[in-house]
1. Show that you can apply the helix-only estimate: for the chain, add -39,500 (n - 2.57) for every DSSP H stretch of four or more residues, divide by all residues, and state [θ] at 222 nm to the nearest 500.
2. How large is the translational diffusion coefficient of region 1-60 in µm² per second when you combine the Kirkwood radius over alpha carbon pairs with Stokes-Einstein at 25 °C and 0.890 mPa s?
3. On the protein heavy atoms, probe 1.4 angstrom, tell me the percent of accessible surface of the chain carried by carbon and sulfur.
4. Under a Cβ-only charge scheme (Lys and Arg +1, Asp and Glu -1), can you give me the dipole magnitude of region 65-146 about the Cα centre, in debye to the nearest 20?
5. Can you work out the base-10 log of I(q)/I(0) for the chain at q = 0.11, 0.12 1/Å, using the Debye formula on its C-alpha atoms alone?
6. Checking the table LYS51/LYS124; LYS80/LYS156; LYS24/LYS51 against a 21 Å threshold on Cα-Cα, which pairs fail?
7. Using unit Cβ charges (K, R positive; D, E negative) and no other charged atoms, how large, in debye to the nearest 20, is the dipole of region 20-170 about its Cα centre?
8. Any number yet on Rg/Rh for region 145-200, C-alpha, Kirkwood?
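The values are calculated or read from the model by the stated rules, or taken from the named source; none is laboratory data. Remember, it's a predicted structure, so these values are computed and weren't measured experimentally. Cβ coordinates were reconstructed from backbone atoms using ideal geometry, including for glycine residues, and neighbour counts include every protein chain displayed. The accessibility values were calculated without ligands, DNA or RNA, using every heavy atom of the protein model including side chains. Shrake-Rupley method; radii C 1.70, N 1.55, O 1.52, S 1.80 Å.
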Amino acid sequence: MIHVLPVKGVFLTYCYFLIDDETKHGFLFDVGAQGKKFADIIKQNGWTIEKIFLTHAHFDHTGGLDELRQYLDIPVYTHKNAQKLLESPELNLSRYCCEDILIDDVRFFEGNEVFSLSTNPMFKVQAIYTPGHTIDSVTYYCENEAIAFVGDTIFKGQPGTDQYPTANRKDLIRSIRTILSLPDNTTLCSGHSEPTTVKLERLNYQM
């Protein structure tokens with residue numbers, strides 16, 4: 001089951017729960033703002049969130065983490081290249097938009113790991129390193145659900161931006177091609193647009 005949670009800080013950001021219906025265990029992708037809102041929804045539904053995954057370290061995808069962790073102790077995972085963004089208000093853009101946001105106590109991975117639920121080893125996501133929007137951007141692909149959480153790498157009808165620190169246009173295009181190599185029926189869930197599919201976006205990129 002996919003549950004979309006729009007949250008509003010400086011920007012409207014879409015965050016996502018991926019829940020195993022049988023066990024009510026699952027994963028959470030990005031905590032952009034309003035951390036208590038996440039905690040309330042988790043408790044109301046009786047979910048156990050085993051891991052929080054960050055698609056990248058910009059503040060509008062991490063700003064609610066500390067508040068959420070006041071209520072629930074959930075480990076946070078992200079790419080190793082996120083460390084300097086998490087530790088820098090300039091690089092994670094929070095200094096220019098709101099108060100400084102610094103995130104610590106995060107578990108780093110190399111990229112392309114597969115993470116499974118403890119209660120159901122077949123319920124899993126693959127972390128695919130897709131830099132370009134930022135140096136740490138990751139797509140999380142769940143083959144069984146035919147869904148990919150792409151952060152700000154690609155939106156419905158357009159690519160992510162490459163105007164911020166650590167961005168790289170060539171890497172972004174390469175990463176979009178990687179995402180569009182997934183099966184046609186894969187739903188792409190981004191941080192700031194409606195869902196789309198690999199098949200539809202291939203038309204936009206003439207692939």
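1. One gets -5000 deg cm²/dmol as the mean residue ellipticity at 222 nm.
2. Taking Rh from Cα pairs, D becomes 209 µm²/s.
3. 48
4. Roughly 240 debye, rounded to the nearest 20.
5. Relative scattering, expressed as log10 I(q)/I(0), comes to -0.46, -0.55.
6. Long pairs (Cα-Cα over 21 Å): LYS80/LYS156.
7. 220
8. That ratio equals 0.96.
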